Structure formats: structure tokens, C-alpha cells
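The values are calculated or read from the model by the stated rules, or taken from the named source; none is laboratory data. Every value quoted in this text rests on a predicted model; they were computed, and no experiment measured them. Surface areas here come from the heavy atoms of the whole protein model, side chains and all, with no ligands, DNA or RNA. Shrake-Rupley method; radii C 1.70, N 1.55, O 1.52, S 1.80 Å.
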Amino acid sequence: MPWFSVTKEVAMGTAMLGVAFATGVLAGKRYPSIFFGASKSSKTVIGKDSPLWQYILDHSLREHPLLKKLRLLTLDHPWGRIMVSCDQAQFMANLAKLIKAKKVIEIGVFTGYNTLNMALILPDNGRVVACDINEDYVNIGKPLWKEAEVEHKIDLRIKPASETLGKRKAKSMGKADAFDSVQKKKNTEEGHEELLAAGEAETYDFAFIDADKESSNEYYEKCLRLVRKGGIIAIDNMKGAVRNRSRIFGVTPGH
């Protein structure tokens with residue numbers, strides 16, 4: 001996408017992203033323990049072991065009260081350490097606002113912290129397609145989605161994300177397929193047809209991939225088809241999981 005067609009806000013945001021990346025690389029080389037040395041636990045998620053990181057959070061984090069409530073609930077869970085960090089979630093929300101996102105894909109919901117985070121910044125007619133396979137974890141965050149009055153923006157899909165994102169392989173019809181046909185018709189009527197099959201290619205603004213790393217390549221390739229030109233695909237904790245690393249966290253190519 002040529003620079004002269006980019007808005008001032010997007011150009012400024014891109015420049016800031018570049019500065020942030022360069023700063024992170026330099027800081028990571030000098031202070032590797034801050035970024036890579038400690039495991040992601042309930043303490044390191046909020047930076048209590050690092051005065052520098054805590055200072056950054058204290059002076060930059062603008063966490064919605066219901067996000068904070070859900071974060072604390074999640075950190076009490078035995079698997080709370082796998083939750084997206086609050087500063088990372090805020091960064092993605094800022095990027096989504098910068099590109100005026102209306103449609104978001106999230107692959108890997110857990111308790112729904114980042115789902116709520118994204119839903120809060122989307123316009124009233126916005127939509128987050130939230131993909132997960134475990135509804136028990138999601139049920140922790142659902143009441144807070146409702147309390148925040150953003151439940152109507154969240155399209156929760158409890159099934160493998162590979163099915164939600166793309167077309168299934170065609171199969172021959174037979175007696176055993178009768179139920180599948182009825183279910184497919186029901187899913188379509190409810191707006192739950194697979195996204196690519198429903199003609200939603202290049203209609204999403206932002207995608208966040210944070211699920212099983214073995215399927216990251218498949219999720220990434222399908223998100224490339226679903227996210228519009230100029231949109232953003234973000235992938236969490238996937239060093240070496242995606243073949244084309246130059247586009248791990250960036251704007252999808254323009255014309």
C-alpha cells in the first residue's frame with residue numbers, strides 16, 4: 001500500500017510500532033531475563049519481579065475495571081499463567097483502534113480476557129469471532145462480557161478453529177450425511193457457517209492467533225485469506241511455528 005494513501009494516524013502508528021520493536025530488540029539483548037528468562041506466572045504477568053516493568057505498567061496501563069476483574073479471576077485459575085498479559089492486550093486494542101477495526105478473529109479464548117478487551121473497543125455493530133474448544137474456561141468470563149454490555153459483539157464458536165475459519169473438505173452425500181445436512185442448514189441460519197465458505201474473505205480487520213502451536217501454520221494461512229489488505233495478524237508465543245516470520249505481527253500486504 002503506497003505511503004501517500006495512508007492516513008496520518010496509521011503512518012504515526014506504524015512508526016511507533018517500528019520504534020517499539022527496535023527498543024524491544026535492544027532491551028532484550030541487554031536485559032534478556034526481563035523478556036525471556038522467567039516463566040509466565042501470575043507474578044511475571046503483571047511484572048511484580050521487575051521494578052522497570054512495573055513502572056511501565058503503572059504509567060501506561062489503562063485497564064477497564066471489568067478487564068481487571070476478569071484478569072484477577074483468571075490468575076486464580078490453575079492455568080492462569082497462560083492468559084495473555086494485560087499490557088499485550090492493551091497494545092493490540094490500541095492497534096485495532098488505530099486501523100478502525102470492526103471485525104476481529106480470536107483463535108484461543110481461554111477465559112475471554114482478550115475477547116472482552118477487543119469487544120470493548122469495537123463499535124456497537126462490531127464483531128469478535130472467538131474460537132475455542134473448551135467452554136468451561138470461557139464460562140469464567142462470560143458473565144463479565146454480559147456485565148460490560150458487549151455480549152452481542154461476541155460470536156463464540158466452540159469447535160476446532162480450523163473448521164470455523166475455512167471450508168471443510170467436500171464429501172459424498174449418503175444416508176449417514178442426512179443429519180450433517182440438517183445441522184449445516186441450522187448453522188447457516190444461525191450465522192455459524194464457516195467463515196470462508198460464507199464468503200467472508202478479506203472482510204476482517206484484525207486476527208489474533210493464540211492457540212495450539214501445531215496448527216499455527218494452518219490458522220495463519222486461513223487468516224491471510226480472511227483479513228483485509230491493510231489489516232493486522234498477531235501471533236502469540238510462536239517462535240518457529242510459522243514459516244514466513246516476516247509477517248508474524250504486521251500489516252497484511254496492500255496492492
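Suppose accessible area is computed on protein heavy atoms with a 1.4 Å probe; arrange ILE99, ILE56 from highest to lowest.
Result of the area sort, largest leading: ILE56, ILE99.
Which entries in the list LYS97/LYS153; LYS100/LYS229; LYS97/LYS229 go over 20 Å, if you measure between the two C-alpha atoms of each?
Details: LYS97/LYS153 16 Å; LYS100/LYS229 13 Å; LYS97/LYS229 16 Å.
Those over the limit do not exist; all pairs fall within it.
Tell me, what HN-Hα J-couplings in whole Hz come from the Karplus equation 6.51 cos²θ - 1.76 cosθ + 1.60 at θ = phi - 60° for each residue of region 152-160, using x for Gly and Pro?
5, 8, 9, 9, 7, 10, 9, 5, x
Rolling a 1.4 angstrom probe over the protein heavy atoms, how many square angstrom per residue are accessible across region 85-130? Walk me through the intermediate numbers first.
Details: 1340 Å² over 46 residues.
Accessible area per residue: 29 Å².
Quantify, in whole percent, the carbon and sulfur part of the accessible surface of region 94-156 (1.4 Å probe; protein heavy atoms only).
After summing per-atom areas, the C and S share lands at 48 percent.
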